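First, the structure itself, so that you have it in front of you.
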2 protein chains.
Amino acid sequence: MQQDLSVLYDIFSRTQASIGGFMSILTPVITNAQTEHERLYFHHIYEEEEQRLDRLAVFLPKLAGFLEEADTADYSSTTFITLLQDINLEKFGLHNFLEHLELSLFEFQDEERAGTLQPMQETTRSDYLVVKEILTRINEEFLPQVNHVKISDTHAVQSAAHGHEHDHHHEVPSVPTASLVAARKGLSVGSLKSFRV
Amino acid sequence: MQQDLSVLYDIFSRTQASIGGFMSILTPVITNAQTEHERLYFHHIYEEEEQRLDRLAVFLPKLAGFLEEADTADYSSTTFITLLQDINLEKFGLHNFLEHLELSLFEFQDEERAGTLQPMQETTRSDYLVVKEILTRINEEFLPQVNHVKISDTHAVQSAAHGHEHDHHHEVPSVPTASLVAARKGLSVGSLKSFRV
């Protein structure tokens, strides 16, 4: 457990640093936006990351505090359950960050910005998968009620643990889009000319 | 206090219903997306609202439980402080929803969808302002440490309460965009032709 929490601490510290780099790319784009739509779009992403940055500023010291006492910590305490809920929330934060980076890479295709965002995206994807795996393991061990409820209760209890898997959607069919189908056929597909800043 | 919490309960119940309406507009757009960028963009918004829906499914019963015992509740308890943190988090959720609606209204300008989203946006904006006002009042009353710290600590403590104001940015200059300036001058400005679905 101490090992897992330590890995999580490293990952969330790393993403905290990445947010800063991402924001500094977004700031001039927002300032120089040519339309209100473009400004709102990037400002919205900026704000969501800023909210995450504020949460991490509270969460990381909490996690560090728990890590210091990991040997003697009470894993059935409210403090730990609350920490677990925070980790679940930040798992979604990391997932959303990954998608903010993916969306931005559609827009910022110049060498300088893509050169910064691409490695950030790869690290974030790999970090996200590690967080998911650790969290699945911790939730199973320390939120046993999740694993012993009847099927119909699963969603509610998982939600209670903020652990519902949003990255697997049954509601929204994940069918290949026209462009993907075309790409697979080797056709040239015009990229989305939205803001292109 | 009971009155304030009751108003918050009504607002967050209302937004819970609105998310459903918004999602049902997004679903066919995602399914029929013509490019991967378009699909990711709307799917990302869909997922963030889905995360919020899951949080609300846990938060609303907690708030209702507290309301039932509002007369005898302990407002210095960990339970209440945790509830207050949840309300702060959902204030941001409501703010982000408002911006998701604003962004969508740039895309969905047909009568049917705009006719659904426009009133939803107006209600959400008004609800958000009420939540902000109530929360400022409650935070001042029940998180007194926020009001008695030296200036340099303010950001950290506000963040701790998840109460930092993200809707007033000093980091990102809020200068008029070219299109707004042009619009004020009465020039015709081409609207953003991004996805237009």
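The values are calculated or read from the model by the stated rules, or taken from the named source; none is laboratory data. Note that this is a predicted model, so its numbers are computed, not measured. Every residue, glycine among them, receives a Cβ derived from its backbone with ideal geometry; neighbour counts consider all protein chains shown.
Tell me which residues, restricted to segment B:80-123, are acidic (D, E), surrounded by fewer than 16 Cβ atoms within 10 Å (Cβ to Cβ) and farther than 27 Å from B:F59 by Cβ.
Within segment B:80-123, B:D110, B:E111, B:E112 qualify.
Which members of segment B:69-84 meet the condition of being β-branched (V, I, T) and outside any helix (DSSP H, G or I)?
Within segment B:69-84, B:T72 is the sole residue that qualifies.
Select from segment B:1-52 the residues that are of a type in the set (K, R) and surrounded by 16 or more Cβ atoms within 10 Å (Cβ to Cβ) and list them in ascending order.
B:R39, B:R52
Restrict the check to segment A:26-33 and report whether at least one residue is outside any helix (DSSP H, G or I) and in contact with a helix residue (DSSP H, G or I) (Cβ under 7 Å, 6 or more places away or on another chain).
yes
Can you name the number of the only condition in (1) within 14 Å of another protein chain (Cβ to nearest Cβ); (2) part of a helix (DSSP H, G or I); (3) within 21 Å of A:R125 (Cα to Cα); (4) not aromatic (F, W, Y) that A:I87 fails?
Unmet condition: (1).
Go through (1) loosely packed, with under 14 Cβ neighbours inside 10 Å; (2) at pLDDT 95 or above and name the single condition B:D74 misses.
Tallying (1) loosely packed, with under 14 Cβ neighbours inside 10 Å; (2) at pLDDT 95 or above, B:D74 fails exactly one: (2).
Let me ask something else about it. Every residue in segment B:99-137 that is free of Cβ contacts under 8 Å to residues at least 40 places away in the same chain, charged (D, E, K, R) and assigned to a helix (DSSP H, G or I), please.
B:E99, B:E102, B:E111, B:E112, B:E122, B:R125, B:E133
Starting from residues that are among the aliphatic types (A, V, I, L, M) and at the interface with another protein chain (Cβ under 7 Å from one of its Cβ atoms), keep the ones in segment B:27-73 and report whichever is nearest to A:F106 (Cα to Cα).
Restricting to residues being among the aliphatic types (A, V, I, L, M) and at the interface with another protein chain (Cβ under 7 Å from one of its Cβ atoms), the top hit is B:L40.
Would you be able to say whether some residue in segment A:74-86 is in contact (Cβ under 8 Å) with a residue 60 or more places away in the chain and under 18 Å from the mean Cα position of the chain (by Cα)?
yes
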